Amino acid sequence: MISKDRASIGSFGEHAAKAYLIKEGYLIVETNFRCRQGEIDIVAKDDGCLVFAEVKTRKNCRHGTPGEAVGALKQKKIVIAAQEYMMQNKIDCTVRFDVIELLYCNRANGYQITALNHIKDAFMGV
């Protein structure tokens with residue numbers, strides 16, 4: 001079970017990542033796509049390419065960077081969920097798998113992003 005605080009931090013990170021992608025000119029197609037095979041945090045379009053983005057938000061890098069948490073098993077689940085998304089929506093186009101790493105700190109009025117790193121082509125699909 002995910003704690004309420006952990007879930008709110010994840011949601012905060014996903015909103016920040018979405019705002020960043022929009023600012024960078026991406027078209028957000030869907031967020032939090034879920035299927036039996038897994039979950040995709042953000043589905044976006046970037047110059048005709050369909051981007052499946054995994055968002056990882058951490059307070060620090062004590063246990064590695066946020067992106068390092070997207071290991072081989074997580075990557076496989078994302079790829080399978082992306083294939084399901086494309087099948088359900090009858091999409092056939094170029095795809096890319098990105099990771100958006102966010103570091104944050106606590107402030108009196110909520111969380112604040114201290115760093116954002118967008119890793120394009122973070123891993124390959126099958």
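The values are calculated or read from the model by the stated rules, or taken from the named source; none is laboratory data. Keep in mind that this is a model prediction, so the values were computed, not measured. Reconstructed Cβ throughout: ideal geometry from the backbone, glycine too, with neighbour counts over all protein chains shown.
Are any residues in segment 38-80 small (G, A, S) and under 18 Å from A115 (Cβ atoms), and if so, which ones?
Start the filter on segment 38-80 by keeping residues that are small (G, A, S), which leaves 38, 44, 48, 53, 64, 67, 69, 71-72.
Result: A53, G64, G67, A69.
Of the residues screened, E54 is one that is under 16 Å from L102 (Cβ atoms) and either surrounded by fewer than 12 Cβ atoms within 10 Å (Cβ to Cβ) or among the charged types (D, E, K, R) (or both). For segment 75-115, how many residues meet the condition of being assigned to a strand (DSSP E or B) and surrounded by 16 or more Cβ atoms within 10 Å (Cβ to Cβ)? The number of residues fulfilling the criteria is 12. In this structure, E68 does not satisfy being in contact with a strand residue (DSSP E or B) (Cβ under 7 Å, 6 or more places away or on another chain), without any contact (Cβ under 8 Å) to a residue 60 or more places away in the chain and not β-branched (V, I, T). Taking residues in segment 95-119 that are touching a residue at least 40 places away in the same chain (Cβ under 8 Å) and over 16 Å from K23 (Cα atoms), and partners anywhere that are outside any strand (DSSP E or B) and among the hydroxyl-bearing types (S, T, Y), the pairs with Cβ atoms closer than 8 Å and at least 6 places apart or on different chains are E101/T65. Looking at (1) at pLDDT 90 or above; (2) assigned to a helix (DSSP H, G or I), can you tell me which one G67 breaks? Every listed condition holds for G67 apart from (1). Among the residues of segment 26-38, some residue qualifies, meaning at least one is at pLDDT 95 or above, farther than 26 Å from D5 by Cβ and outside any strand (DSSP E or B).
With respect to (1) touching a helix residue (DSSP H, G or I) at 6+ places or on another chain (Cβ under 9 Å); (2) aliphatic (A, V, I, L, M); (3) at pLDDT 95 or above, the lone exception for I113 is condition (3).
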